[in-house]
Amino acid sequence: MVNRVLVALDVPTSAEAMVLAEKLQPHVEGFKVGLELLMGEGPTIVSQVAALGSPVFVDAKLHDIPNTVGRAAELLGSAGARWVTVHASGGREMVRVAAEALNEGSGGTGGVLAVTVLTSLGIYELAEMGIDRPLDEMVTSLARSAAAGGAEGVVCAVTEARLVHALGLGLTVVTPGIRPVGSSASDQKRVSTPEAAIRAGSDLLVIGRPITSAPDVVAAAIAITEEIEAAVSAT
């Protein structure tokens, strides 16, 4: 079975996270540790989840001066992170330092994923921030900068996945904002179904509430994985 699902463990405690991770580990590719869990429990939660044997995507969204970001990335790598996110808007040098430090901290197994434009932002929110560049242009520009800095991949909306692959930079494309048909978009602006994500070229799909808030989390994960498998076969 094709499996590209990273389950977002968007819960406040390690106890809740580990219950979910232990149930879902046989059925998904890996797990995302986001800011809520990371800030509440510290980097030890990364080690706990990684000990299950699946890759851990630490969605820290680091954005600071290169030296500070590098130290944080190295610590997360030593805790067991397979991927760590940084904001591509921090610049090529920040991405470069983060990638090198994460590689060092993880013993050569970790890679940086650069966040292009948050999926919670739409054209109106960007306009309020004084950004009037076309969204597609922003994403491709940031992806090029991230690749030049040594990022393994980027995080972008499904609607921009094809654009990133078309650049020919060999970047892994990770897409959040995945919602099966009938699910609420919640606080996301640019959302897509698992099938649409696969057709657009997403390599890894970050999925949270449609799985973790389901009455039966295992059944929800299996259903989504089967949808992904069918979409991959069709393409």
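Rule-based calculations on the coordinates, nothing more; no lab input. Quick caveat, the model's predicted, so the values are computed rather than measured. Don't worry about glycine lacking a Cβ; one is built from the backbone with ideal geometry, like all the others, and counts go over all protein chains shown.
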Q: Select from the chain the helices, each a whole stretch of DSSP H, whose alpha-carbon atoms run 24 Å or more along the helix axis and whose Kyte-Doolittle mean is at least -0.5; answer none if there are none.
A: 217-234
Q. Which length gain, in nm to one decimal place, applies between Ala51 and Leu167 when the Cα-Cα distance is subtracted from 0.36 nm times their residue separation?
A. 38.2 nm
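Using only alpha carbon pairs under 8 Å that are at least six residues apart, calculate the relative contact order of the chain and give it in whole percent. Could you put the intermediate results ahead of the total?
On the way: 499 pairs, mean separation 46.3, N = 235.
Across the chain, relative contact order equals 20 percent.
Rg over Rh of the chain, using C-alpha atoms and the Kirkwood radius, what does it come to? It would help to have the intermediate numbers written out before the result.
Values: Rg = 16.7 Å, Rh = 17.7 Å.
Rg divided by Rh gives 0.95.
When N counts the residues of the range 103-235, how does its alpha-carbon radius of gyration compare numerically with 2.2 N^0.38 Å, as a ratio?
1.11
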Q. In which sequence would Ser54, Ser202, Ser233, Ser192 go, from the one with the fewest C-beta neighbours within 10 Å to the one with the most?
A. Ser233, Ser54, Ser192, Ser202
(Q) For a quick check: sort Ile207, Ile45, Ile65 by the number of other beta carbons within 10 angstrom, fewest at the front. (A) Ile65, Ile45, Ile207
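Fewest Cβ neighbours within 10 Å first, please rank Asp64, Asp132 accordingly. Before the final figure, lay out each step's value.
Numbers: Asp64 15, Asp132 8.
Fewest-to-most Cβ neighbours within 10 Å comes out as Asp132, Asp64.
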(Q) Over the Cα atoms, compute the radius of gyration (one decimal) and Dmax (the largest Cα-Cα distance, rounded to a whole number) for the range 5-129, in Å. (A) 14.7, 43
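Can you say what percent of the DSSP beta bridges in the range 84-228, counting only those with both residues inside, are antiparallel? Round to 5. Before the final figure, lay out the partial values.
Working: 0 of 13 bridges.
Roughly 0 percent of the beta bridges in the range 84-228 run antiparallel, per DSSP.
Between Glu229 and Asp136, what is 0.36 nm times their sequence separation minus the Cα-Cα distance? Round to one decimal in nm. Spell out each step's value before the answer.
Numbers: separation 93, 0.36 × 93 = 33.48 nm, distance 2.81 nm.
Full extension of this stretch gives 30.7 nm more.
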Q) What net charge do the residues around Lys23 carry, taking every other residue with its C-beta under 14 Å from that of Lys23, with Lys and Arg at +1 and Asp and Glu at -1? A) -3
Q. If you build a Gaussian network model of the chain, linking Cα atoms that sit under 10 Å apart, which residue out of Ala214, Ala197, Ala146 swings the most?
A. Ala214
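Let me know the charge dipole size of the chain about its Cα centre in debye, to the nearest 20, where only the beta-carbon of Lys, Arg (+1) and Asp, Glu (-1) is charged. Before the final figure, lay out each step's value.
Numbers: 16 positive and 26 negative charges, 59 e Å.
Roughly 280 debye, rounded to the nearest 20.
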